[in-house]
Amino acid sequence: MAKTLSKPTSIFFMLFTIFFFSTHVIADEAPVFSKNLPPSSLGLEQQKLSHLHFYFQEIVRGPKPTAVRVAQAATTNTSPTGFGAVVVIDDPLTLLPENTSKVVGQAQGTYTFASQSESALLMVMNFAFTEGEYNGSTLSLVGRNTVSSSVREMPIIGGSGVFRFARGYAQAKTYTFDTKTGDTVVEYNVYVLHH
């Protein structure tokens, strides 16, 4: 006649068996830091090139400015280039150059006066679109903007929504600059590859 195991011994044996086999299986499937995936696994299709054209409306003065200086160096006010000033923006992007034109998004981010020898900004901003097929999507721009150049080129380094995995460039051209108020309208042509 076979002996039966006591209840505590059988529970211990069952738990040991489960633990042994689960650790053995887990050991065979080592954690992976990274792996290559085919683009199709994320639903990515062939890339397309999109051209976006809009106007950046920056209002510096008045009751509701869209660009506000939030920091500066001790020497910023004596610098001929404004070196050290940091500005936060939430500028409307419009279809036409008039500030009453249809808003298609916002430029949100910061720019820093980053040169001691010329008017050059470090731009770090997102174009957050609110119109049409791009509604809810963003493009991220980080680059150098030499404001006295007739056309400036800055890289598009990524995006979200429709613009996931985006890359490209933006060309900025000052459309108007009010020397009394500092208000500026900048024409943007953005060329971006995305899926």
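Residues that are in contact with a strand residue (DSSP E or B) (Cβ under 9 Å, 6 or more places away or on another chain), among the β-branched types (Val, Ile, Thr) and closer than 21 Å to Val192 by Cα do occur in the range 84-99. Can you say whether Ala85 is under 17 Å from the mean Cα position of the chain (by Cα), within 24 Å of Val60 (Cβ to Cβ) and touching a residue at least 24 places away in the same chain (Cβ under 8 Å), as far as the supplied structure shows? No. Of the residues making up the range 129-150, those that are assigned to a strand (DSSP E or B) and surrounded by 17 or more Cβ atoms within 10 Å (Cβ to Cβ) are Phe129, Thr138, Leu139, Ser140, Leu141, Gly143, Asn145.
Here is a yes/no grid of residues against (1) out of contact with any Cys (no Cβ under 8 Å at 6 or more places or on another chain); (2) within 21 Å of Thr179 (Cα to Cα); (3) touching a residue at least 40 places away in the same chain (Cβ under 8 Å):
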| position | (1), (2), (3) |
| --- | --- |
| His51 | yes, no, yes |
| Arg61 | yes, yes, yes |
| Pro65 | yes, yes, no |
| Thr75 | yes, no, no |
| Gly132 | yes, no, no |
| Gly158 | yes, no, no |
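In the condition set (1) among the β-branched types (Val, Ile, Thr); (2) surrounded by 11 or more Cβ atoms within 10 Å (Cβ to Cβ); (3) at pLDDT 80 or above; (4) more than 21 Å from Asn126 (Cα to Cα), Val87 is compliant with all but (4). Just wondering, is there one or more residues in the range 160-169 that are open to solvent by 60 Å² or more (accessible area, probe 1.4 Å) and not in a strand (DSSP E or B)? Yes, some residue in the range 160-169 is open to solvent by 60 Å² or more (accessible area, probe 1.4 Å) and not in a strand (DSSP E or B).
If the condition is being among the small types (Gly, Ala, Ser) and within 11 Å of the chain's Cα centre (by Cα), then the range 106-160 contributes Ala107, Gly109, Ala128, Ser137, Ser140, Gly158, Gly159, Ser160. Residues considered: Val70, Val104. Of these, the only one that is in a strand (DSSP E or B), more than 25 Å from Ala166 (Cα to Cα) and open to solvent by 10 Å² or more (accessible area, probe 1.4 Å) is Val70.
Total residues in the range 172-190 satisfying the condition of being loosely packed, with under 14 Cβ neighbours inside 10 Å and within 17 Å of the chain's Cα centre (by Cα): the figure is 0.
The sole residue among Glu118, Glu153 that is in a strand (DSSP E or B), open to solvent by 20 Å² or more (accessible area, probe 1.4 Å), out of contact with any His (no Cβ under 9 Å at 6 or more places or on another chain) and acidic (Asp, Glu) is Glu153.
The values are calculated or read from the model by the stated rules, or taken from the named source; none is laboratory data. Fair warning: this is a prediction, and the values are worked out from it, not measured in the lab. Virtual Cβ from ideal backbone geometry, glycine too; neighbours counted across all protein chains shown. Ligands, DNA and RNA are stripped out before the accessible areas are found, and what is left, the full protein with its side chains, is counted by its heavy atoms. Shrake-Rupley method; radii C 1.70, N 1.55, O 1.52, S 1.80 Å.
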